Structure formats: structure tokens, C-alpha cells
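Single-structure report; data block below.
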Amino acid sequence: MYKYIIGKKVYVGNGEAVLDNNGIGYRFFISDKTAGALLASSENEAKLYTYLNVREDAMELYGFHSEDELNSFKMLITVSGIGAKAAVSVLSVLSPEKLAISVLSDDAKAIAAAQGIGLKKAQKIILEIKDKIAKDKASLKNAPSVKGSAVYDDNEDDCSEAINALIVLGYTPAEAASAVSSVDTAGKSLEKIIKEALKKITEDKNTCR
């Protein structure tokens, strides 16, 4: 119905935001991270990407600070048993990037940290959207193969997954492969490999400035 709405910030808090657009007050349900972004901005106006949730007894408007958060929300509500409010709860504790890392690294505990999301629901989320996240980026098709590489003899499958996770997050295949190859992967979990590779990329970028 609406792609986004721009309006003056009237209210932000308690999981809600109200924007005034030409005298009409639009009420949105929002995540804590979107609330934080709205409150941190000194601008009087704000832009929220929207999703209209239609139920038998209500029509609810959800607002998101970024399209990435909106897309993550849409993906989460495809999971059976995960409604709009549960999806917002997940996005209140995990950014779209961290959600992707948690799913690709099978980190159910990180997802279960969201209010109302237990470990079983978190595992269900991982099961049902892992392939969708991987397919969401066409660049995954260009991911370099690490099979048979001497660098990854001990856990080459985890390293392949780590490279794919970094590509999903927007890094080039070359950046992803280089970062993972710089990590001492022996005895480390997939989540740990991804975190150390991300740290390496950040350090390299800061060095180049």
C-alpha cells in the first residue's frame, strides 16, 4: 500500500512511533533499533519504510528505519508461528546483519534472546529462513570454492559457510575469502570464524583511511 512515509516526529516510545504527514498522524509499530535511530536523529522529520499487517480484527502499520530491516521482517513472518510482533521482537535485539550471521552460523541462542522467542522458535527460524537468506544475494553464486584448500583442511565446510555469510552481508567474494583465510580456524566454531573475519575486514578498512 505504502512504500514509505515521511513526516514530522510526534512520538517515539514503547514500541511505537507517530509521524505527522500533512495533518494525518500515522501510528507505527517499530523495533527498538528503529526507535533508537529515530531518537538519535536531530532531524524533525523521519522516513519509515512500511508494512501493513492485515488481521481479521485489525489493520496494523509497521515502520522500519531501513529497507534491510523491512526485508528481514518480511522474511521472518514467513516462518510458521512467527507473527509480526514476534518478528519485531527479533529485530529489536538483532540488526539485519546480525540476524543473518546468527541464522547462517546456527546461533539459536542469539535469536532466542528476543522477548517471546524461545529456543525452539529460534531454531525454527533458522531452519526456515537459512536458505532464503543465502539465496537473497545473487552474488553467492560467485563465491569462491574453498574445498580442497590447504588453508581449510580441518574445517573447510565452516570456512565455506563463513565466506558465504560475509557475501550475504555485502562483502565481495574476494574480501570474504581474504578475511576468512587470515583467521586461524583450528578448533573454532562457525560463529567465531565469522566474527574474527568481520573484525579483520574492519581493521583493514580503518588502516586504509
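The values are calculated or read from the model by the stated rules, or taken from the named source; none is laboratory data. Quick caveat: nothing in here was measured; it's all calculated off a predicted structure. Every residue, glycine as well, gets a Cβ built from its backbone with ideal geometry; the counts of neighbours run over all protein chains shown. These accessible areas exclude ligands, DNA and RNA; they are computed on the full protein's heavy atoms, side chains included. Shrake-Rupley method; radii C 1.70, N 1.55, O 1.52, S 1.80 Å.
Can you tell me how many residues in the range 49-92 are in contact (Cβ under 8 Å) with a residue 12 or more places away in the chain and over 17 Å from the mean Cα position of the chain (by Cα)?
Summing the residues that are in contact (Cβ under 8 Å) with a residue 12 or more places away in the chain and over 17 Å from the mean Cα position of the chain (by Cα) in the range 49-92 gives 6.
Testing VAL146 on (1) at pLDDT 80 or above; (2) over 24 Å from LEU91 (Cβ atoms); (3) β-branched (Val, Ile, Thr), one condition comes back false. Which one is that?
Going through the list (1) at pLDDT 80 or above; (2) over 24 Å from LEU91 (Cβ atoms); (3) β-branched (Val, Ile, Thr), VAL146 breaks only (1).
Filter the range 1-46 for residues that are within 22 Å of the chain's Cα centre (by Cα) and of a type in the set (D, E, K, R); which is least open to solvent (accessible area, probe 1.4 Å)?
Ranking the candidates gives GLU16 first.
Kindly list the number of the only condition in (1) part of a strand (DSSP E or B); (2) open to solvent by 30 Å² or more (accessible area, probe 1.4 Å); (3) of a type outside the set (A, V, I, L, M) that fails for GLY63.
It is condition (2) that GLY63 fails.
Can you name the number of the only condition in (1) surrounded by fewer than 19 Cβ atoms within 10 Å (Cβ to Cβ); (2) modelled with pLDDT of 65 or more; (3) of a type in the set (D, E, K, R) that LYS141 fails?
(2)
Considering only residues of the range 95-117 that are open to solvent by 20 Å² or more (accessible area, probe 1.4 Å), in contact (Cβ under 8 Å) with a residue 40 or more places away in the chain and in a helix (DSSP H, G or I), which is nearest to ALA197 (Cα to Cα)?
ILE101
Residues SER80, SER92: which one is under 25 Å from LYS120 (Cα atoms), not charged (D, E, K, R) and not in a helix (DSSP H, G or I)?
Residue meeting the stated conditions: SER80.
Under 9 Å between Cβ atoms, at least 6 apart or on separate chains: pull out the pairs that start in the range 170-196 with a residue that is surrounded by fewer than 18 Cβ atoms within 10 Å (Cβ to Cβ) and end on any residue that is in a helix (DSSP H, G or I) and aromatic (Phe, Trp, Tyr).
What qualifies is SER181/TYR152.
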